[in-house]
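The values are calculated or read from the model by the stated rules, or taken from the named source; none is laboratory data. Predicted model, so just to flag it, every value in this text is computed and none were measured. Don't worry about glycine lacking a Cβ; one is built from the backbone with ideal geometry, like all the others, and counts go over all protein chains shown. Only protein heavy atoms, including side chains, enter the accessible area calculation; ligands, DNA and RNA are left aside. Shrake-Rupley method; radii C 1.70, N 1.55, O 1.52, S 1.80 Å.
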Amino acid sequence: NLAIVVDLPRNYQNVDGVKEWLEIELEDALSHELRHSCDPTEMLSADIPEGEEKWKTVENIYKHFGSEAEIRGNVAGIMGRARRSGEDPIDIMNDYINTIFNDAISYGHSESELIPVMNKIGQAWSDHLSSIAT
């Protein structure tokens, strides 16, 4: 069984481009979750904060987005989007890292505490991307 959660804006039917955005989000989420379906149980059952818990501390943000399972899942989504769109995977990755950064800011974390963590996450994702792109 697979469950994918997507946050839709209110009155989404009146938002220009929402259908295209939703298709992209669902395709990325499916690539991500399919990658997880191939990951070992030990990897997926590691100490990885989920949901709102991942945003409570900077350490939790790193534990989530810097975990091996999430690195592999997110990079799978990035590669899937790159194949479908023709965009550069590095650009897609950077956009996603920026989205995580902005989400963390909205949860009350400061830029100064986030920058080193986001750099570590970005480097881990980049390393994995490089390892599978060659």
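The table below lists the values:
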| quantity | calculated |
| --- | --- |
| Residues that are under 16 Å from N74 (Cβ atoms) and either surrounded by 10 or more Cβ atoms within 10 Å (Cβ to Cβ) or β-branched (V, I, T) (or both), drawn from the stretch 44-54 | L44, A46, I48, P49, K54 |
| The stretch 12-43, subset polar (S, T, N, Q) and open to solvent by 70 Å² or more (accessible area, probe 1.4 Å), residue nearest to G86 (Cα to Cα) | S37 |
| The stretch 116-129, subset under 17 Å from the mean Cα position of the chain (by Cα), open to solvent by 20 Å² or more (accessible area, probe 1.4 Å) and without any contact (Cβ under 8 Å) to a residue 40 or more places away in the chain, residue nearest to D91 (Cα to Cα) | S126 |
| Verdict on S67 being open to solvent by less than 20 Å² (accessible area, probe 1.4 Å) and among the polar types (S, T, N, Q) | yes |
